[in-house]
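The values are calculated or read from the model by the stated rules, or taken from the named source; none is laboratory data. Because the structure is predicted, anything quoted here is derived from the model rather than measured. All Cβ positions, even for glycine, are placed from backbone atoms using ideal geometry, and neighbour counts span all protein chains on display. For accessibility, only protein heavy atoms count, side chains too; no ligands or nucleic acids. Shrake-Rupley method; radii C 1.70, N 1.55, O 1.52, S 1.80 Å.
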Amino acid sequence: MMLHIPGVLTPDQVAHIRARMAGAPEWLDGRESVGPQGAKVKRNRQLGEGTPLAVELGQIVSAALMANPIFFSSALPLRVLAPYFNAYSGGEHYGLHVDGAIRAQRGGGAPVRADVSTTVFLSEPDEYEGGELEVVDLYGTHEVKLAAGDAIVYSSGSVHQVRPVTSGERVASFLWTQSMVRDDGKRGMLFDLDTQIQKLRAQHGESEITVGLTAHYHNLLRMWAEV
């Protein structure tokens, strides 16, 4: 399942994050955060993991995502890793790769199984050329280039890449979520069911039908969730 979530961050939040990043000394070679395989295809910059600036800005992104009902319904988060921040310019790119299944948490917390990947765009599409996020799944290759503040949510098991940025600069935040429902297909079914329930409730109010469907949703969640 791939899902575009508009307006996760407000324009003011995006402007604040970009201003705090500008000229920061915490930018490092992005290859420091990946293994040997990833280092062969990764050319970008990242805010140093665990630095005060990365933690400060990560808290803004995390709070916005957790407060977003579409993100919560689609990802069904159990554990969420602190967000990272990256930048691409001058031909920088990240070639085809798949995200590691198990991610360590800073501070010695329990490891997180990467079920859901999320990218929150912090640059407007007209600020840079190239830089599309390409996600490959059973239905082909999908190019994603969203407005600043928008997010894309997709399966961490998907092969994906960031195309070379040929002019301007692409800045984004990214993170991984361990879902209560690890299977992407089941998680997608639950999201679709929840979405239809919300539409029925908005159009007709609470009714015997919405109560029955809500019970069905929660019984499926009870059957599939790992907590």
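Can you pull out the residues in the stretch 178-192 that are among the charged types (D, E, K, R) and surrounded by fewer than 17 Cβ atoms within 10 Å (Cβ to Cβ)?
So the first thing to find is which residues in the stretch 178-192 are among the charged types (D, E, K, R), and the list is 182-184, 186-187, 192.
The answer is Arg182, Asp183, Asp192.
In the stretch 124-149, which residues are hydroxyl-bearing (Ser, Thr, Tyr) and not in a loop (DSSP other than H, G, I, E, B)?
The answer is Tyr128, Thr141.
Residue by residue through the stretch 155-173, note down the ones that are within 9 Å of Leu133 (Cβ to Cβ) and either open to solvent by less than 10 Å² (accessible area, probe 1.4 Å) or assigned to a strand (DSSP E or B) (or both). I'd like the intermediate steps shown before the answer.
At the first step, the residues of the stretch 155-173 found to be within 9 Å of Leu133 (Cβ to Cβ) are 160-163, 172.
If the condition is that a residue be within 9 Å of Leu133 (Cβ to Cβ) and either open to solvent by less than 10 Å² (accessible area, probe 1.4 Å) or assigned to a strand (DSSP E or B) (or both), then His160, Gln161, Val162, Ala172 are the ones that fit.
Filter the stretch 11-32 down to the residues that are part of a loop (DSSP other than H, G, I, E, B) and in contact with a helix residue (DSSP H, G or I) (Cβ under 8 Å, 6 or more places away or on another chain) and list them by number. Please lay out each step first, then the result.
Narrowing the stretch 11-32 to residues part of a loop (DSSP other than H, G, I, E, B): 22-26.
Matches in the stretch 11-32: Ala24, Glu26.
State the number of residues belonging to the stretch 7-39 that are in contact with a strand residue (DSSP E or B) (Cβ under 8 Å, 6 or more places away or on another chain) and open to solvent by 80 Å² or more (accessible area, probe 1.4 Å).
Adding up the residues that qualify gives 3.
Which ones in the stretch 174-186 are assigned to a loop (DSSP other than H, G, I, E, B) and of a type in the set (D, E, K, R)? It would help to see each step written out before you state the result.
Taking the stretch 174-186 first, the residues assigned to a loop (DSSP other than H, G, I, E, B) are 180-183.
Arg182, Asp183 - these are the residues of the stretch 174-186 that are assigned to a loop (DSSP other than H, G, I, E, B) and of a type in the set (D, E, K, R).
Among Asn68, Asn86, Asn44, which is the only one that is polar (S, T, N, Q), out of contact with any strand residue (DSSP E or B) (no Cβ under 6 Å at 6 or more places or on another chain) and touching a residue at least 24 places away in the same chain (Cβ under 8 Å)? So that I can check it myself, show each step before the final result.
On the way: Asn86 fails: out of contact with any strand residue (DSSP E or B) (no Cβ under 6 Å at 6 or more places or on another chain); Asn44 fails: out of contact with any strand residue (DSSP E or B) (no Cβ under 6 Å at 6 or more places or on another chain).
Residue meeting the stated conditions: Asn68.
Only residues that are of a type in the set (D, E, K, R), surrounded by fewer than 13 Cβ atoms within 10 Å (Cβ to Cβ) and under 16 Å from Pro69 (Cα atoms): list them for the stretch 193-227, please. I'd like the intermediate steps shown before the answer.
Applying the first criterion (of a type in the set (D, E, K, R)) to the stretch 193-227 yields 194, 199, 201, 206, 208, 222, 226.
Filter again for surrounded by fewer than 13 Cβ atoms within 10 Å (Cβ to Cβ), leaving 199, 206, 208, 222, 226.
Within the stretch 193-227, just Lys199 meets the criteria.
Go through the stretch 68-120 and tell me which strands (runs of 3 or more DSSP E), entirely inside it, have 1 or more residues that are assigned by the TED database to the domain that holds Val41 and more than 18 Å from Gln178 (Cβ to Cβ).
On the way: elements: 77-80, 84-89, 93-97.
Qualifying strands (runs of 3 or more DSSP E): 84-89, 93-97.
Would you confirm whether or not the stretch 142-153 contains a residue that is open to solvent by 30 Å² or more (accessible area, probe 1.4 Å), farther than 21 Å from Pro83 by Cβ and at pLDDT 95 or above? So that I can check it myself, show each step before the final result.
Going through the stretch 142-153, the residues open to solvent by 30 Å² or more (accessible area, probe 1.4 Å) turn out to be 142-143, 145, 147.
Add one more test, that the residue is farther than 21 Å from Pro83 by Cβ, and what stays is 142-143.
Then keep just the ones that are at pLDDT 95 or above; that gives 142-143.
Within the stretch 142-153, one or more residues are open to solvent by 30 Å² or more (accessible area, probe 1.4 Å), farther than 21 Å from Pro83 by Cβ and at pLDDT 95 or above.
Out of all the residues in the stretch 40-59, which are open to solvent by 40 Å² or more (accessible area, probe 1.4 Å) and within 16 Å of Val14 (Cα to Cα)?
Val55, Glu56, Gln59
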